[in-house]
Amino acid sequence: MSRSEPVEASNFIRNIVESDLAAGKNDGQVVTRFPPEPNGYLHIGHAKSICLNFGTAERYGGRCNLRFDDTNPVRESEEYAHAIEEDVRWLGYEWDRLCHASDYFDELYEYACQLIREGKAYVDSSSAEEVREMRGTLTKPGTPGPYRNRSVEENLDLFQRMKDGEFDDGEHILRARIDLSAGNINMRDPTLYRIRKVRHVRTGDAWSIYPMYDYTHCVSDAIEGITHSLCTLEFEDHRPLYDWVLDELGTPCHPQQIEFARLSLEYTVLSKRRLIQLVEENHVHGWDDPRMPTIVGMRRRGYTAASLRDFCERIGITKNDAWIEMAVLETCIRDHLNRDAPRRLAVLDPVRVIITSLPENHEQTLTFANHPQDEGAGSRPVPFTREIFIERDDFAEIPPPKYQRLVPGGEVRLRGAYVIRCEEVIKDDAGIVTELRCSHDADTLGKKPEGRKVKGVIHWVSVKHGIPAEIRLYNPLFTLPDPGKADSLVEAINPESEIILTSCVVEPSLSAAAPEEHFQFERIGYFVGDRHDHSKESLVFNRTVTLRDTWAS
RNA sequence: UGGGCCGUCGCCAAGCGGUUAAGGCACCGGGUUUUGAUCCCGGCAUUCGGAGGUUCGAAUCCUCCCGGCCCAGCCA
């Protein structure tokens, strides 16, 4: 069962870190951070960033902080923060320090005063609309407003009073004085502080002004001694500002911001706005719906943390706008579950089979290996009786070409048991098969049948011993590779993304299954006990992913 | 049309002036198999968005062109 770990490719960030290390930069330290805003649940795209940041630190013997970017109290909450902590831990990472941008509000304020004193920041009392107009457009430079040349004293006084709560939201902002004609719009006197008379989860009512991301992030990084500040491509344009702030402030530490491409995964969406829409409009059952690309959703679906980490390693880190096919993700989880998940028998859509050649009360306990390639996984008893259920799909009156399951008059192997032959097909008035009468070859338990080959093998469950279960099948949430490009996101939703089967029958050993326990239901796929709805009294399994199927259906 | 960035196999992705252009996914064979699974073995870019140029030698350097992404929040 030994499978070699995938050969790891290099990536440009590792190359940079390694050459920094070789050059003796940062005293040989590697310090990174994962900086989520606590205003939503983490998704697989965040997992990429988490693996990159924590993984890089781990790889080079460094440290990684978890830092909440809590600079906008109007949209952040503690609930999200807790969920984020749990997700990061579940993914298998532990932070060096748990930080909050709000921890630095005092320093941030002092630094802002420094900028004002040096004439590098000013209070602008224009309205939001005026500021926007004066900023110019992509092709037209901005124009200076009437407040740009206020005296240092006036700026200091105004900023102090903004802090003291003398003004209402929107009355003033603090802006950096950089270059209104810069081609990079981020440099056209960006906003540093805005007035928000809102209670902050951590600082309470202490502040009535809150710092903007661009100003806060670089300073926070510097305070924490971050060496490599890794972020996504859309912040590339912000790097000059990041560097400007730290250069002007003369902070002792000046981290290097490096940008990489965010993840795009086919047949799903990863934008916070769209995920919120799915939840709020009830297109899914919540953030942890197994169809959601959120960490909690994928966890509930049955993805393991290791498979997600493997996925992040396999897709690599570049600056290309890459779209990853679902197949990559599915291969990751199949690989891990194939190795670790015990095998079980479950019939999703049962049809009764009566083995007429067996006595009425025939009952026999068979021993099944839990894993075909791993003896250490042990075995379990599986009861075999005269009446069993098989999968409706595993019988065909008129079989398609190359079909190798049960057909009238034909033979098939019952997994781990005997070879049976279909002698009679019973149907109801509507022509639906209700029962199959079969004979068995008593000399085929654990041995091949004499004088003929039986290619097909099907799974089954004893009617008498089988346990009812609900099984939830999941398919891609969207019918389009890039649902974001659809005219309407809602129209792109796959009506078959969730199929709930309530008449399934599973082998008796599954009555001991725990929530979040993984199994392979032989010939069908990998399943997991639902984290919330599964119990020993009421079995509920989610299909994580199907088995690979190379049979042209 | 201002600024920033990206283009190596169907999808990812190594490569950093001299390699037979790694590897993974997908796909196509073939073998093993009481899961049409797994596993194994083999195939899969005379070519690096295009055209010029520099060089003994270019995916790697230069020029131009083509295609794509991001930016005008008092969001992050």
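The values are calculated or read from the model by the stated rules, or taken from the named source; none is laboratory data. Please read all numbers here as calculations on a predicted model, not as lab measurements. Backbone-built Cβ (ideal geometry, glycine too); neighbour counts: all protein chains shown. The area values use the complete protein model at the heavy-atom level, side chains included, leaving out ligands, DNA and RNA. Shrake-Rupley method; radii C 1.70, N 1.55, O 1.52, S 1.80 Å.
In the set A:R14, A:R89, A:R75, only one residue is within 13 Å of RNA strand B (Cβ to nearest atom), without any contact (Cβ under 8 Å) to a residue 40 or more places away in the chain and out of contact with any strand residue (DSSP E or B) (no Cβ under 8 Å at 6 or more places or on another chain); that residue is A:R75.
Answer yes or no as to whether A:P408 is open to solvent by less than 30 Å² (accessible area, probe 1.4 Å) and away from RNA strand B (no atom under 11 Å from the Cβ).
Numbers: open to solvent by less than 30 Å² (accessible area, probe 1.4 Å): no; away from RNA strand B (no atom under 11 Å from the Cβ): yes.
No; evaluated as a whole, the condition is false for this residue.
Could we say that A:W551 is open to solvent by 20 Å² or more (accessible area, probe 1.4 Å), within 11 Å of RNA strand B (Cβ to nearest atom) and not β-branched (V, I, T) here? Yes. Considering A:L270, A:L263, A:L246, A:L308, the condition of being farther than 23 Å from A:R89 by Cβ, among the hydrophobic types (A, V, I, L, M, F, W, C) and in contact with a helix residue (DSSP H, G or I) (Cβ under 9 Å, 6 or more places away or on another chain) is satisfied by A:L246 alone. Scanning region A:130-157 for residues that are part of a helix (DSSP H, G or I) and within 11 Å of RNA strand B (Cβ to nearest atom) gives A:E130, A:V131, A:R132, A:E133, A:M134. Looking only at region A:493-525, residues that are within 16 Å of RNA strand B (Cβ to nearest atom) and either of a type in the set (D, E, K, R) or at positive phi (or both) come to 4 in all. When restricted to residues that are under 18 Å from A:G302 (Cα atoms) and surrounded by fewer than 19 Cβ atoms within 10 Å (Cβ to Cβ), region A:82-97 contains 4. Sub-6 Å Cβ pairs linking a first residue in region A:298-311 that is free of Cβ contacts under 8 Å to residues at least 60 places away in the same chain to a second residue that is of a type outside the set (A, V, I, L, M, F, W, C) and open to solvent by 10 Å² or more (accessible area, probe 1.4 Å), at least 6 apart or interchain, are A:S307/A:H336, ordered by first then second residue.
Looking only at residues in region A:9-30 that are assigned to a helix (DSSP H, G or I) and open to solvent by less than 50 Å² (accessible area, probe 1.4 Å), the one that is farthest from A:Q257 (Cα to Cα) is A:G28. Checked against the criterion of being without any contact (Cβ under 8 Å) to a residue 24 or more places away in the chain and aliphatic (A, V, I, L, M), the candidates A:A442, A:A492, A:A512 yield just one match: A:A492. Return only the number of the condition from (1) assigned by TED's automatic domain parsing to the domain that holds A:I50; (2) under 27 Å from A:L249 (Cα atoms) that A:C113 does not satisfy. Only one criterion in (1) assigned by TED's automatic domain parsing to the domain that holds A:I50; (2) under 27 Å from A:L249 (Cα atoms) is unmet by A:C113, namely (1).
Just the residues that are under 22 Å from the mean Cα position of the chain (by Cα), surrounded by fewer than 16 Cβ atoms within 10 Å (Cβ to Cβ) and of a type outside the set (V, I, T), please, taken from region A:495-514. Selection gives A:P495, A:E496. Residue count for region A:170-187, restricted to those that are closer than 16 Å to A:P146 by Cα and near RNA strand B (Cβ under 8 Å from one of its atoms): 3. Taking first residues from region A:467-484 that are at pLDDT 95 or above and partners that are surrounded by fewer than 16 Cβ atoms within 10 Å (Cβ to Cβ) and among the charged types (D, E, K, R), the Cβ contacts under 7 Å between residues at least 6 apart in sequence or on separate chains come to A:N475/A:E496. Based on this model, can you work out whether A:V382 counts as under 15 Å from A:T444 (Cβ atoms) and either more than 8 Å from RNA strand B (Cβ to nearest atom) or in contact with a Ser or Thr (Cβ under 8 Å, 6 or more places away or on another chain) (or both)? It is false that A:V382 is under 15 Å from A:T444 (Cβ atoms) and either more than 8 Å from RNA strand B (Cβ to nearest atom) or in contact with a Ser or Thr (Cβ under 8 Å, 6 or more places away or on another chain) (or both).
Taking region A:237-348 as the region of interest, the helices (runs of 4 or more DSSP H) fully inside it that hold 3 or more residues being away from RNA strand B (no atom under 16 Å from the Cβ) are A:239-249, A:272-280, A:295-301.
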